[in-house]
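Trainee: Encoded as structure tokens, here's the structure I'll be asking about.
All of the numbers you see were taken from the coordinates with simple rules; none came from a lab. Because the structure is a prediction, the values reported are computed rather than measured. As a convention, Cβ positions derive from the backbone with ideal geometry for all residues, glycine included, and neighbour counts pool all protein chains shown.
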Amino acid sequence: MSSSRILLVIGGGIAAYKTLDLIRRLKERGFSIRAILTEAAGEFVTPLSVGTLTAEPVFRELFDLTQEHDVGHIRLARDADLVVVAPATADLLAKMANGLANDLASTALLAATSPVLAAPAMNPTMWAHPATRRNVAWLEAQGVAFVGPEEGLMAERGESGLGRMSEPLAIVAAVEARLRPAAGALAGRRVLVTSGPTHEPIDPVRVIANRSSGRQGHAIAAAAARAGAEVILVSGPVALPDPAGVTTVHVESAREMLAAVEAAPPVDVAVFAAAVADWRVAEDAVQKIKKGAGGPPTLTLVENPDILATVARRTEGRPELVVGFAAETENVLDNARAKLARKGCDLIVANDVSAGGGGVMGGARNTVHLVGSGGVESWETMTKDAVAEALVTRFAAALRPRP
Ligand code: CTP
């Protein structure tokens, strides 16, 4: 566990309630945190709750003599390995971009020499305003990193749009990416990911397909590459660009996907995120099937090879970590547990793809449950990118350390 020090600047927005959870999750991961509350932030969360969670004094006033004597705003800013601004309100971003220093938060931000990560949260109209656009562009050019904001329902009057603060785990992933890349958590590792649907031919022009977009699998491949892994992505037909820094192999059918997986070099982690068609047409026609006097054709289906089970049950060259996905519409956890045993994998990432699950297939967000031999962990709804980052962190932690 690292004891990297974070200076957390909490701005005054309703999203500050999520910052309490952020603190808890950062603490769980061993970070030490000192928090500054702006005056407005104090209207949304109390110094007592922040101080209880950080187990440190909470800093509020620029001219608090005891604290000035004790720490001083310059040292407060300089002592951190990373400054996290969450929620980064329009006001805080404007102060940062213009070098204002009229309270402790803005003064510390101006005095900070360590990298800054901002998690914006504001009304979508404020986020879209040219002044905010200009401030964000300028801050980005100075090296300030941003996580979010995200699309979604606002606290006020059911309004929705771009402006919600990212979920705590997404912010944690962004913090870890900066403070613990550990020369890349997956440096020196090889990762295989399957993604997207498969297309099973009926004849030269027709296929059996499914609604998978490949977004989650592609996001995992990209996140693993960012974590330093050598990544092989075996992708079914998707409308996504090949992720940067990833070797992408394009396939159509389940059998082609299996062949590409079998042809890949040995890997440390194999993640099967593809929605592989369970069946294919027993004999696909060489010529296009014509409408004829015989009426509609009857398609005889046969089962496709199970790529995940094939790899998980390898006696030689089995990856250290084999991860399957389960798309369920009911009894999500029971089915995932059964799948874990049936397929012989180490972890199942289960998601609820029923309508109540929020349009997972093709959508940008995902609600997942991690089902392993040790039990179940349910994550809050996050973007697929955030899920990917968090999963990759998990994979890295699950691997035996290299000597
Ligand atoms: N999988 C695979 N090869 C197949 C079928 C599935 O590699 N021929 C993998 C998927 O990539 C996923 C997991 O197995 O990781 C999903 O298992 P599957 O048996 O397809 O389950 P679901 O389709 O989720 O549900 P059901 O069991 O109800 O079919």
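Trainee: Using 0.36 nm per residue, how much length does the chain from Arg134 to Leu48 gain when fully extended, once their Cα-Cα distance is taken away?
Mentor: Full-extension gain reported as 27.4 nm.
Trainee: Also: Residue by residue through region 193-205, which ³J(HN,Hα) values in whole Hz follow from phi under the Karplus form 6.51 cos²θ - 1.76 cosθ + 1.60 (θ = phi - 60°), with glycine and proline marked x?
Mentor: Taking θ as phi minus 60°, the curve returns 10, 9, 8, x, x, 10, 10, 9, x, 9, 8, x, 10 Hz for region 193-205.
Trainee: Per residue of region 48-58, in order, report the coupling 6.51 cos²θ - 1.76 cosθ + 1.60 (Karplus, θ = phi - 60°) as ³J(HN,Hα) in whole Hz, putting x for Gly and Pro.
Mentor: 5, 5, 5, x, 5, 6, 7, 6, 9, x, 9
Trainee: Right, another one. What is the Cα radius of gyration of the chain over 2.2 N^0.38 Å, N being its residue count? Don't jump to the answer; show the numbers that get you there.
Mentor: Values: Rg = 24.4 Å, N = 403, 2.2 N^0.38 = 21.5 Å.
Expressed relative to 2.2 N^0.38 Å, the Cα Rg reads 1.14.
Trainee: For region 173-309, what is the convex hull volume of its Cα atoms per residue in Å³?
Mentor: Values: hull volume 15.2 nm³, N = 137.
It is 111 Å³ per residue.
Trainee: Report the net charge of residues surrounding Lys95, where surrounding means a beta-carbon distance below 13 angstrom and charges are Lys +1, Arg +1, Asp -1, Glu -1.
Mentor: Surrounding charge for Lys95 is -3.
Trainee: Below 10 angstrom from the Cβ of Gly12, what's the summed charge of the other residues (Lys, Arg +1; Asp, Glu -1)?
Mentor: Details: positive: none; negative: Glu39, Glu43, Asp91.
Here the charged neighbours net out to -3.
Trainee: Return the long-range amide H neighbours of Trp279 (sequence gap of 5 or more, or a different chain), with a cut-off of under 5 Å between placed amide H atoms.
Mentor: It is Asn304, by chain and number.
Trainee: Rounded if a/c is under 1.5, else prolate if a/b beats b/c, else oblate: with a ≥ b ≥ c from the C-alpha gyration tensor eigenvalues square-rooted, which is region 249-357? It would help to have the intermediate numbers written out before the result.
Mentor: Details: a/c = 2.72, a/b = 1.48, b/c = 1.84.
Because a/c hits 1.5 or more and a/b fails to exceed b/c, region 249-357 counts as oblate.
Trainee: Sequence-distant or interchain residues sharing an amide H contact under 5 Å with Phe146, placed H: which?
Mentor: Ala118
Trainee: Starting with the highest mean, order 379-389, 192-202 by the number of other Cβ atoms within 10 Å, averaged over the residues of each peptide. Each step should come with its number before you reach the end.
Mentor: Details: 379-389: 22.1, 192-202: 25.1.
By packing density, highest mean first, the sequence is 192-202, 379-389.
Trainee: Please report, for the Cα atoms of region 5-179, the Rg to one decimal and the Dmax as a whole number; what are they, in angstrom?
Mentor: Taking only Cα atoms of region 5-179, I get Rg and Dmax of 14.9, 46 Å.
Trainee: Which whole-number percent gives the relative contact order of region 5-179, counting Cα pairs below 8 Å spaced six or more residues apart? Walk me through the intermediate numbers first.
Mentor: Details: 343 pairs, mean separation 40.3, N = 175.
Averaging sequence separation for qualifying contacts and normalising by length gives 23 percent for region 5-179.
Trainee: A further question on this structure: For Ile33, what residues show an amide H to amide H distance below 5 Å, using hydrogens built from the backbone and excluding near sequence neighbours?
Mentor: The answer is Ile6.
Trainee: Follow-up question, since we're still on this one. Residue-wise, which Karplus ³J(HN,Hα) couplings in Hz belong to region 222-227, taking 6.51 cos²θ - 1.76 cosθ + 1.60, θ = phi - 60°, and x for glycine or proline?
Mentor: My calculation for region 222-227 gives 5, 5, 5, 5, 4, 7 Hz in order.
Trainee: Could you check which residue among Arg178, Arg164, Arg314 shows the biggest mean-square fluctuation in a GNM of the chain with a 10 Å Cα cutoff?
Mentor: Of Arg178, Arg164, Arg314, the most mobile in the Gaussian network model is Arg314.
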